[in-house]
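Asker: The structure's right below; bear with me while I get my questions together.
The values are calculated or read from the model by the stated rules, or taken from the named source; none is laboratory data. Model, not experiment: these values are computed from the prediction. No Cβ is skipped: glycine too gets one built from the backbone with ideal geometry, and neighbour counts run over all protein chains shown.
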Amino acid sequence: MCLGIPGRVVEIHGDDPRMGVVDFDGVRREVCLAFTPEARAGDHVIVHVGFAISMVDEEEAARTLAVIRAIPDALRDELGTGGDGRDPTDTGDRPTGSRQDGTGRIR
């Protein structure tokens, strides 16, 4: 299944391509923001395969997330996380200076 998942932009960095960190109900992922140049920290975006493809308001994001949560394992499967929010492929090995803290979440 491939879904567009709503999340909140928590950090923006880079110009080419424009990237950011998006929080999906406690799970944070690096996302390309090139298709949503108007997105700012605090805004909500719909993310599909690592790309923010549109912006939505907070209410629409909450409604969409509620529908996705009603589908068994949909959020876990789309974000590639185990039931605890961790990436099951994450070994915790990070080069020095990495932004990730071993939980799969970006600090």
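Asker: Run down Glu38, Glu60 and say which single residue is modelled with pLDDT of 50 or more, assigned to a loop (DSSP other than H, G, I, E, B) and out of contact with any Asp or Glu (no Cβ under 9 Å at 6 or more places or on another chain).
Answerer: Glu38
Asker: Further, regarding this structure: Restricting attention to region 15-24, and to residues there that are of a type outside the set (Asp, Glu) and farther than 22 Å from Ile68 by Cα, which single residue is surrounded by the fewest Cβ atoms within 10 Å (Cβ to Cβ)?
Answerer: Only one residue fits best here, namely Pro17.
Asker: Which one is nearest to Val67 (Cα to Cα), of the residues in region 25-47 that are crowded, with 19+ Cβ neighbours inside 10 Å, without any contact (Cβ under 8 Å) to a residue 60 or more places away in the chain and not polar (S, T, N, Q)?
Answerer: My answer is Ile46.
Asker: Name the residues in region 11-26 that are under 15 Å from Ala61 (Cα atoms) and of a type in the set (A, V, I, L, M), would you? So that I can check it myself, show each step before the final result.
Answerer: In the first step, residues of region 11-26 are kept if they are under 15 Å from Ala61 (Cα atoms); the result is 22-26.
Within region 11-26, just Val22 meets the criteria.
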